[in-house]
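Presented below is the structure to which this report refers.
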Amino acid sequence: MTGRRSFFDVEGAAMGFLIRVVVNAVALIAVAYIVPGIHVSGIAGALIAALILGVVNAILRPILIIISLPLEIVTLGLFTFVINGLLFWLVGAFHVGLIVDGFWPAFWGAIVMGIISWALSLLTRGMEKPA
């Protein structure tokens with residue numbers, strides 16, 4: 001096969017992206033019910049917050065992990081939980097559908113969201129491939 005992507009590959013990638021955003025929005029709504037101190041304004045707010053959380057995680061998370069590499073090594077990678085909590089808290093500070101009351105709700109919310117979105121991703125695996 002050549003290095004070019006067909007129309008169906010692009011369509012599958014777009015569908016995969018949409019599925020991930022919806023899965024993360026559902027996970028955000030579940031986190032709001034489970035973790036005290038996290039509030040979601042509704043389905044539209046959860047979708048917007050999930051999209052922004054995905055962009056923030058894709059851009060800032062690798063940079064922060066590289067900057068904090070000595071802490072990552074000393075804590076055997078556990079400092080990643082702190083980074084995830086800080087990024088979750090940052091998105092909550094934007095007030096775009098997600099409100100986080102402080103660092104500790106953000107810390108636990110990021111952990112719970114990771115677990116829920118992982119489980120939901122297992123259930124939706126393979127849905128983005130066109131027939």
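Within the bounds of segment 89-109, is there any residue that is in contact with an Asp or Glu (Cβ under 9 Å, 6 or more places away or on another chain) and either assigned to a helix (DSSP H, G or I) or modelled with pLDDT of 95 or more (or both)? Yes, that holds for at least one residue. Go through ILE83, ILE59 for me and flag whichever is surrounded by fewer than 15 Cβ atoms within 10 Å (Cβ to Cβ), β-branched (Val, Ile, Thr), under 13 Å from the mean Cα position of the chain (by Cα) and in a helix (DSSP H, G or I). When all the criteria are applied, what remains is ILE59. Restricting to segment 88-99, what's the tally of residues that are buried (at least 24 other Cβ atoms within 10 Å of the Cβ) and in contact (Cβ under 8 Å) with a residue 60 or more places away in the chain? Residues that pass the stated criteria total 1.
Here are some residues: ALA49, ALA106, ALA110. Which one is within 13 Å of the chain's Cα centre (by Cα), among the small types (Gly, Ala, Ser) and within 22 Å of ALA13 (Cα to Cα)? Sole residue among the options that is within 13 Å of the chain's Cα centre (by Cα), among the small types (Gly, Ala, Ser) and within 22 Å of ALA13 (Cα to Cα): ALA49.
Restricting attention to segment 28-45, the residues that are farther than 16 Å from GLY114 by Cβ and touching a residue at least 24 places away in the same chain (Cβ under 8 Å) total 8. Suppose the filter is at pLDDT 95 or above and either charged (D, E, K, R) or part of a helix (DSSP H, G or I) (or both); does PHE17 pass it? Answer is no for this residue. Is there a residue in segment 1-14 that is modelled with pLDDT of 90 or more, surrounded by fewer than 16 Cβ atoms within 10 Å (Cβ to Cβ), among the aliphatic types (A, V, I, L, M) and assigned to a helix (DSSP H, G or I)? Taking every residue of segment 1-14 in turn, none turns out to be modelled with pLDDT of 90 or more, surrounded by fewer than 16 Cβ atoms within 10 Å (Cβ to Cβ), among the aliphatic types (A, V, I, L, M) and assigned to a helix (DSSP H, G or I). Residues of segment 22-42 that are exposed (fewer than 14 other Cβ atoms within 10 Å of the Cβ) and modelled with pLDDT under 95: GLY42 alone.
The values are calculated or read from the model by the stated rules, or taken from the named source; none is laboratory data. For clarity, every value in this text was computed on a predicted model and none was experimentally measured. Glycine also receives a Cβ, built like all others from the backbone with ideal geometry; neighbour counts cover every protein chain displayed.
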